[in-house]
Amino acid sequence: SQQGEEDPQALSIQEGENATMNCSYKTSINNLQWYRQNSGRGLVHLILIRSNEREKHSGRLRVTLDTSKKSSSLLITASRAADTASYFCATSGAGNNRKLIWGLGTSLAVNP
Amino acid sequence: DAMVIQNPRYQVTQFGKPVTLSCSQTLNHNVMYWYQQKSSQAPKLLFHYYDKDFNNEADTPDNFQSRRPNTSFCFLDIRSPGLGDAAMYLCATSRIDRENEQYFGPGTRLTVT
């Protein structure tokens with residue numbers, strides 16, 4: 001089942017610009033994860049942020065989590081054409097950590 | 001390199017003709033998942049195995065079955081594919097003690113003619 005909503009659904013930027021994607025969820029979570037999916041391929045895990053964390057960095061990625069608003073954002077700095085992909089957030093719930101609840105995804109196009 | 005492998009990458013089957021998709025992993029993860037993903041949509045969980053314990057999603061059609069003969073392999077059987085079953089099928093694995101980070105295979109694109 002899907003509980004996450006992501007916005008924007010689609011984002012088009014120029015190389016070098018920053019890209020910000022947002023994710024909202026409905027129930028309490030253990031962690032929130034971001035995945036990337038290149039066209040026609042499987043998903044790749046990017047970063048995980050726990051419910052007691054507020055911000056996390058990994059290379060050009062910065063993730064924030066606001067549990068009071070049940071929302072997260074993914075920032076990609078200095079974007080590259082190779083960042084063109086769909087990005088999904090997924091939450092691991094407090095009651096069942098074997099399943100992820102997926103957001104609807106943001107399609108990012110980075111134009112050279 | 002440890003990884004999740006799916007075969008075949010592309011599968012064409014006829015309406016109503018049974019098809020089996022396979023997934024293998026060298027990560028030694030105890031949980032394996034099958035997802036269905038249609039164009040521009042989020043992955044939809046069909047079922048998962050926690051070791052040998054099979055867990056079916058309530059809305060997974062009976063047309064879809066799965067087998068996990070050992071830790072490394074998992075199969076998705078579609079008994080009578082319909083046109084609506086055309087999709088990307090993704091296999092994923094996770095370790096239950098690693099906060100459910102999931103590792104995905106490249107997927108099998110199923111076409112039903």
**Asked** Over all directions, what mean area does the Cα convex hull of chain B project, stated in square nanometres?
**Response** 6.9
**Prompt:** Could you give me the ³J(HN,Hα) list for region A:32-43, computed from phi with Karplus coefficients 6.51, -1.76, 1.60 and θ = phi - 60°, whole Hz, x at Gly and Pro?
**Reply:** 10, 10, 10, 10, 10, 9, 6, 3, x, 10, x, 8
**Fill in**
Of the listed links A:69/B:38; A:56/B:52; A:56/B:38; B:17/B:38; A:70/B:44, those spanning more than 28 angstrom between alpha carbons are A:69/B:38; A:56/B:52; A:56/B:38
**Request:** Name the long-range amide H neighbours of residue A:47: under 5 Å, sequence gap of 5 or more, or other chain; modelled H, no Pro or chain starts.
**Result:** A:34
**Prompt:** Karplus couplings for region A:54-67 from phi (6.51 cos²θ - 1.76 cosθ + 1.60, θ = phi - 60°), rounded to Hz, Gly and Pro as x?
**Reply:** 10, 8, 8, 10, 8, x, 8, 9, 9, 10, 10, 9, 10, 6
**Item:** Within 10 Å of each Cβ in A:38-44, the average number of Cβ atoms from other chains
**Value:** 6
**Request:** Report relative contact order for chain A in percent, whole number only (criteria: Cα-Cα under 8 Å, sequence separation at least 6).
**Result:** 39
**Request:** Please work out the FRET efficiency for the pair residue A:109 and residue B:83, using the Cβ-Cβ distance as r and a Förster radius of 22 Å; give the result to the nearest 0.05.
**Result:** 0.15
**Message:** Per residue of region A:9-22, what does 6.51 cos²θ - 1.76 cosθ + 1.60 with θ = phi - 60° give for ³J(HN,Hα)? Whole Hz please, x for Gly and Pro, Karplus curve as stated.
**Reply:** 6, 9, 9, 10, 9, 8, 3, x, 7, 8, 10, 10, 10, 10
**Shielding by other protein chains, B:99-109, mean Cβ within 10 Å** = 6
**Prompt:** Where in region B:35-78 does the label zone of residue B:14 land, with the point 7 angstrom along Cα→C-beta and an amide N cut-off under 18 Å?
**Reply:** B:78
**Message:** Give me the inter-chain shielding for A:14-26: mean count of other chain Cβ atoms within 10 Å, whole number please.
**Reply:** 0
**Asked** Rounded, prolate or oblate: which fits the protein assembly as shown when a ≥ b ≥ c are the square roots of the eigenvalues of the alpha-carbon gyration tensor, with rounded for a/c under 1.5 and prolate only if a/b beats b/c?
**Response** prolate
**Asked** Can you give the charge dipole size of chain A about its Cα centre, rounded to the nearest 20 debye, using +1 on the beta carbon of Lys and Arg and -1 on the beta carbon of Asp and Glu?
**Response** 420
**Complete:** Of B:85, B:77, B:59, the most mobile residue in a GNM of chain B (C-alpha springs, cutoff 10 Å) is B:59
**Fill in**
For residue B:3, the residues 5 or more places away or on another chain with a placed amide H closer than 5 Å to its own amide H are B:26, B:27
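Read-outs throughout are calculated quantities, based only on the coordinates presented, and are distinct from any laboratory measurement. Source: prediction; values computed, not measured. Positions of Cβ are backbone-derived with ideal geometry, glycine not excepted, and every protein chain shown enters the neighbour counts.
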